1. Quick one: which residue in K78, K126 is touching a Leu at 6+ places or on another chain (Cβ under 6 Å) and either modelled with pLDDT of 95 or more or within 19 Å of K50 (Cβ to Cβ) (or both)?
2. Suppose we keep only residues that are at pLDDT below 90 and not in a loop (DSSP other than H, G, I, E, B) within the range 40-66. Which one would you say is surrounded by the most Cβ atoms within 10 Å (Cβ to Cβ)?
3. I'd like to know if the range 128-140 contains one or more residues that are part of a helix (DSSP H, G or I) and either surrounded by 18 or more Cβ atoms within 10 Å (Cβ to Cβ) or among the basic types (K, R) (or both).
4. If V109 satisfies all but one of (1) in contact (Cβ under 8 Å) with a residue 60 or more places away in the chain; (2) assigned to a helix (DSSP H, G or I); (3) surrounded by 23 or more Cβ atoms within 10 Å (Cβ to Cβ), what's the number of the condition it fails?
5. Only residues in the range 21-49 that are more than 19 Å from G82 (Cβ to Cβ) and among the aliphatic types (A, V, I, L, M) count as the first member; pair them with residues that are surrounded by 14 or more Cβ atoms within 10 Å (Cβ to Cβ) and at pLDDT below 90, Cβ under 6 angstrom, at least 6 apart or cross-chain, and list the lot.
Amino acid sequence: MSAEKRLEELGIELPAAATPIGNYVTTVHTGNLIFTSGHGPGRGEGPLYKGQVGTDLTIEEGYASARQVGLCLLATLKNALGDLDRVKRVVKVVGFVNSAPSFTEQPSVVNGVSDLLVEVFGDNGKHARSAVGMVQLPAASPSKSSWSSKSNSN
């Protein structure tokens, strides 16, 4: 099933694609790979959640925030490629979690992005991954992610 049809079937409406807030671009396409810059869980009006997972937020809230990050990344990819069906494979996800010093469940939070990618792309959404705890993230965001994907070069 196509990624576009799968989003429709799941009732998922993507937010507006992110625009850079600094001296960078949101994607770099080289050959048949496309890399995304780090994204937060914004909807154009700032993050849905703010704070540290394990202090201010539960694992479930962190997961929801990470899922929203995934939706924002999908919107950026769709904007860059014109069609999510051009994504042939998700290769690598790097997830950062704003976490309390004693918090060790970063993988459970980053599952919010990973689960979304598998829902949308099926087996081609399965990927290598890093889930890293950070003492702070920009705008007090609980999570940020980026990823690289293989696309057809047309």
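The values are calculated or read from the model by the stated rules, or taken from the named source; none is laboratory data. A quick note: this is a predicted structure, and the numbers were derived from the prediction, not measured. Cβ atoms come from the backbone with ideal geometry, glycine included; neighbour counts cover every protein chain shown.
1. Of K78, K126, the one residue that is touching a Leu at 6+ places or on another chain (Cβ under 6 Å) and either modelled with pLDDT of 95 or more or within 19 Å of K50 (Cβ to Cβ) (or both) is K78.
2. Looking at the filtered set, the residue picked out is P47.
3. No, the conditions are met nowhere in the range 128-140.
4. Failed condition: (1).
5. Taking only residues 6 or more apart or on different chains, the pairs are L48/P41.
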